[in-house]
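Structure first, then comments.
The values are calculated or read from the model by the stated rules, or taken from the named source; none is laboratory data. None of the values given here were measured: they were computed from a predicted structure. So basically every Cβ, Gly included, is an ideal-geometry build from the backbone, and we count neighbours across all protein chains shown. The area values use the complete protein model at the heavy-atom level, side chains included, leaving out ligands, DNA and RNA. Shrake-Rupley method; radii C 1.70, N 1.55, O 1.52, S 1.80 Å.
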Amino acid sequence: MSMTMTQKILAHHAGLDSVEAGQLVLVSVDRVLGNDITSPVAIREYEKIGASGVFDKEKVTMVMDHFAPNKDIKAAAQCKMCRDFCEREEIVNFFDVGRMGIEHALLPEAGLVIPGDVVIGADSHTCTYGALGAFSTGVGSTDMACGMATGKAWFKVPSAIKFNLTGRLNKYVSGKDVILHIIGMIGVDGALYKSMEFAGEGVKSLTVYDRLTISNMAIEAGAKNGIFPVDEETLEYVKGRCDREPLVFEADADAEYDAVYDIDLSEIKSTVAFPHLPENTKTFDEIGDVRIDQVVIGSCTNGHYKDLAEAAEILKGRQVAKNVRAIIIPATQDIYLKAMENGLLKIFIEAGCVVSTPTCGPCLGGYMGILAEGERAVATTNRNFVGRMGHVTSEVYLASPAVAAASAIAGKIADPKNVMN
C-alpha cells in the first residue's frame, strides 16, 4: 500500500507494515512535551490515574517559557509545580530560567528531536518539528499525562495535502511569507486534520529555519502536522546534536493526496496577515497607510538567529520611529548569546529596541508587550485572533522579521525594500 511520509512514520511507530487515512493506531512516542501552562494540568491528571513513574526520564520534557521568568504569583506556582514534579520524577530534560528557551526553538537546538521521531506536546505549535522530518503534533494535557505514563498515543491517521515547491525566495522574503501565502490561499481550515507535506526542488533552497517557521504555522491552517523531506540540510542541522540515528522516511511516488498545490517560491511577495485571522493576508500592493504602536520580533515562529540577523540588517544605523515600542526576543539562550557576540544586540539597542530574555510572553497576551485599547502591533508571532496580544480592540498584524523591522522604523506597516532603498 502506498503511503505519505507521515503515514510511514506512524506505521513504523505503531509496529505495522502500513496504515491508511482514517485508521486508528496506537503509536510509541519518542518525546512528550509540556510547558508551564499546560504541564500542571497534565501533572494533576497523571496523579489521578495513579501512575507509578514516567515511561522514560529522558523522553519527557518540560520547558518553562510562557510566563517565565514568572510574571506573577500564579505563574510562579505553575512553574514550581512543574519544577517539583520533574525533580521528583528525575526528569532529565527540564528547562528553567537560565537554561531555557522557547520550547519549539529549544528542542531542535538541543537535539531532542530528530528525523523519524513521533513527538506529542501539550502546545498546538508542536507541529514545528516536522521541519526535521518528524511527525509532531499538539495534544491536550490529558493526552500528555497518558503519554508521560505509557509512552503511547492514539491517532487517527491523517490524509495529506502536498505542496510542491519550485524556485527560490527573493531578498527580504522568508519562510514566514511562504506560510502566510499558503494560509491566505487555503484558509484557516483548509488543511483540517490533514498532513501538510512539502516537497519539490524548491525545498532545498529553504533553510532549516524557514522550514521550522512554515511547519510551526501548519496548525494555523487547521493541519494535524506539517512535514518536510529529510535532505542534506536537515542532516547537517541535526549532526552532532544527538547521539541517536535519524530515521529517514520518504513518501511513495504514488502516495495519495487530497490536493496538490504547485508554488513557485520566486513569485511569493512579502505578506502580512491582517486582523483577526492568519488567512486575512495582503501583499504591499494591497496595503495602505497602517500606523502602528508596537513591533514584536521573536516567538517560537521567528525567534531564531536567522530571524534576528534579518531584522538587524534593516535596523542597523536606523532608529525606531517615535511612539513605536520595538521588542526583540531571542528564542533561546544560545541564540541570545550568539546575537550578543555578533553585535546584533548593540544594533537593536542603538536603534531604540528593548531586548528580552527568551519567553513566549507577548505572543499569547501574557506579559512583556501587552496592547492597550485600540493599539496595533506588527508581530512575527503566529496568531492574530481578537484579544490575542491584549485588549479586545487591539490589532495584531502577522509578518516576517524583515517586514516587522521595516515597520518599526517607518512607524507603519512597511515594505523592507522601500526602507532599505
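Here residue 320 clears all of (1) at pLDDT 95 or above; (2) surrounded by fewer than 21 Cβ atoms within 10 Å (Cβ to Cβ); (3) in contact with a helix residue (DSSP H, G or I) (Cβ under 8 Å, 6 or more places away or on another chain) except the condition numbered (2).
Of the candidates 228, 163, the single residue that is aromatic (Phe, Trp, Tyr), farther than 28 Å from residue 417 by Cα, surrounded by 20 or more Cβ atoms within 10 Å (Cβ to Cβ) and in contact (Cβ under 8 Å) with a residue 60 or more places away in the chain is 228. For the range 273-293, taking the residues that are modelled with pLDDT of 95 or more and within 21 Å of the chain's Cα centre (by Cα), the one that is surrounded by the fewest Cβ atoms within 10 Å (Cβ to Cβ) is identified as 275. Does the range 6-26 contain at least one residue that is surrounded by fewer than 23 Cβ atoms within 10 Å (Cβ to Cβ) and in contact with a Pro (Cβ under 8 Å, 6 or more places away or on another chain)? Yes, the range 6-26 contains a residue that is surrounded by fewer than 23 Cβ atoms within 10 Å (Cβ to Cβ) and in contact with a Pro (Cβ under 8 Å, 6 or more places away or on another chain). In the range 332-383, which residues are hydroxyl-bearing (Ser, Thr, Tyr) and open to solvent by 10 Å² or more (accessible area, probe 1.4 Å)? Those that are hydroxyl-bearing (Ser, Thr, Tyr) and open to solvent by 10 Å² or more (accessible area, probe 1.4 Å): 336, 357, 367. Residue-level analysis places residue 51 outside the set of residues that are among the aliphatic types (A, V, I, L, M), open to solvent by less than 10 Å² (accessible area, probe 1.4 Å), part of a loop (DSSP other than H, G, I, E, B) and over 30 Å from residue 196 (Cα atoms). When restricted to residues that are open to solvent by 10 Å² or more (accessible area, probe 1.4 Å), touching a residue at least 40 places away in the same chain (Cβ under 8 Å) and of a type outside the set (Val, Ile, Thr), the range 131-146 contains 3. Residues that are touching a helix residue (DSSP H, G or I) at 6+ places or on another chain (Cβ under 7 Å) and over 18 Å from residue 102 (Cα atoms) do not occur anywhere in the range 357-366. Screening the candidates 41, 92, 60 for the property of being β-branched (Val, Ile, Thr), buried (at least 23 other Cβ atoms within 10 Å of the Cβ), touching a residue at least 24 places away in the same chain (Cβ under 8 Å) and over 23 Å from residue 298 (Cα atoms) yields one hit, 60. Of all the listed residues (29, 92), the sole one being modelled with pLDDT of 95 or more and out of contact with any Gly (no Cβ under 7 Å at 6 or more places or on another chain) is 92.
The set of residues in the range 270-329 that are of a type in the set (Val, Ile, Thr) and either free of Cβ contacts under 8 Å to residues at least 24 places away in the same chain or at positive phi (or both) contains only 283.
Screening 112, 107 for residues that are assigned to a helix (DSSP H, G or I) and touching a residue at least 12 places away in the same chain (Cβ under 8 Å) leaves exactly one candidate, 107. In summary, strands (runs of 3 or more DSSP E) completely within the range 138-247 and bearing 3 or more residues that are hydrophobic (A, V, I, L, M, F, W, C) occur at 152-156, 159-166, 194-199. Across the range 196-230, the number of residues qualifying as farther than 30 Å from residue 363 by Cβ and acidic (Asp, Glu) comes to 1.
Within the range 233-254, not a single residue is at pLDDT 95 or above, touching a helix residue (DSSP H, G or I) at 6+ places or on another chain (Cβ under 8 Å) and closer than 22 Å to residue 384 by Cβ. Here 149, 223, 153, 199 are screened, and the one residue that is aliphatic (A, V, I, L, M) and open to solvent by less than 10 Å² (accessible area, probe 1.4 Å) is 223. For the range 396-410, the condition of being farther than 20 Å from residue 183 by Cβ and part of a loop (DSSP other than H, G, I, E, B) holds for none of the residues.
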